[in-house]
Amino acid sequence: MNDTSEPTQRFTSGETRTTYLAKNRIAVGPPSDPEEFRREYQRFERLLPQRTPLRVLDIGCGTGAWSVHWVSLGSKVTGVDFDAEFVARARQRENLADYAVFRGIVADATNLPDDIGEFDVVMLNSLLEHVPDWRAVIREAVRALAPGGVLLLHTTNRHHPFQGEVNHFPFYPWIPARMRDRILAWIMKHRRDLVNYTDFPAVHWFSSPQLSKVLQGLGLEVYDRLDLMRPTQLTGLRSIARWMLPGSDHPARFKFLFYLVSPTVSLYARRPTRSAAPSRYQQAQPAAALRHTS
């Protein structure tokens, strides 16, 4: 498969696009916090297949803010984004210029190249909320997942009162959908700064049970952060929540409380090693049955 630099979607032209590339934190931001990545890696490390180097697919890679950390661990990363400018900027990051360890591809997350290959880790980090057909994104991500591979999914949480998708707008996820649509239409016309000048603001808000059901319907074993949390990771005031953690004789307790305080839906889904990756045709059938889960 060859890299391509042709964008797959039309963007706003002129001043708005220039402002976006100059000010949007995804476009200009540094790599994500290495300490945050370390904590995240500790959560799901036990789920990863015993393979060296790991093959990582970063769907919606942006400018490579998370890809750099996987490369630093010795993984081989394929980054996919539909914004050609982002992919070009990713290749300019330290450690991502080497094609042997990082391959940047411009492609649509809802329709990945047929020869994308199989991966031990597939990332969907802060992507689903921005894509109208989010179910297609999940189907494509699962298609690329090797047996024993792990899907890492982070997206918006409809239960958490605060969010970072619309600046300075608390309780936005709790607003009824029709009213949110009207507010967002006004923002896109008059106050693009509230969504960091993007052409594709967040339009979906999810719950952990909702997305867990979708992933389980596609044959994956699903865990959330509470399932994978260790007591030593809850320190200080957070240590009072240790009673919620799963034990040898019981699952995690009172998860709905955790969903209220977690700013994102974070799921870790593993494909059992006994099953082969389904084809697009096989995945389309359960997906149709799950259309009413949102």
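The values are calculated or read from the model by the stated rules, or taken from the named source; none is laboratory data. Bear in mind that the values here come from a model prediction, so they are computed numbers and not experimental data. FYI the Cβ positions are ideal-geometry reconstructions off the backbone, even for glycines, and counts take in every protein chain you see. Just so you know, the surface numbers come from the protein's heavy atoms only, side chains and all, with ligands and any DNA or RNA stripped out. Shrake-Rupley method; radii C 1.70, N 1.55, O 1.52, S 1.80 Å.
Data table
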quantity	calculated
Long-range neighbours under 8 Å by Cβ, at least six apart or interchain, first residue in contact (Cβ under 8 Å) with a residue 40 or more places away in the chain and within 19 Å of Gly149 (Cα to Cα) within region 112-136, second aromatic (Phe, Trp, Tyr) and open to solvent by 30 Å² or more (accessible area, probe 1.4 Å)	Met123/Trp66; Asn125/Trp66
Pick from region 143-181, criterion charged (D, E, K, R) and open to solvent by less than 60 Å² (accessible area, probe 1.4 Å), ranking: nearest to Ser75 (Cα to Cα)	Arg143
Which numbered condition Val121 misses (of (1) assigned to a loop (DSSP other than H, G, I, E, B); (2) open to solvent by less than 10 Å² (accessible area, probe 1.4 Å))	(1)
Scan of region 142-193 for residues that are farther than 26 Å from Leu112 by Cα and among the acidic types (Asp, Glu), ordered by number	Asp181, Asp193
Unique match (being at pLDDT below 90 and either hydroxyl-bearing (Ser, Thr, Tyr) or closer than 17 Å to Leu145 by Cα (or both)) among Thr18, Thr52	Thr18
Residues located in region 67-99, provided they are within 19 Å of Pro34 (Cα to Cα) and open to solvent by less than 50 Å² (accessible area, probe 1.4 Å)	Ser67, Val68, His69, Trp70, Val71, Gly74, Ser75, Val77, Gly79, Ala90, Arg93, Leu96
Positions within region 199-233 being buried (at least 21 other Cβ atoms within 10 Å of the Cβ) and either on the phi > 0 side of the Ramachandran plot or among the polar types (S, T, N, Q) (or both), in sequence order	Ser208
Residue within region 153-173 that is under 14 Å from Gly60 (Cβ atoms) and hydrophobic (A, V, I, L, M, F, W, C) present	yes
Filter result for Asn111 (within 17 Å of the chain's Cα centre (by Cα) and either under 23 Å from Gln42 (Cα atoms) or of a type in the set (Gly, Ala, Ser) (or both))	no
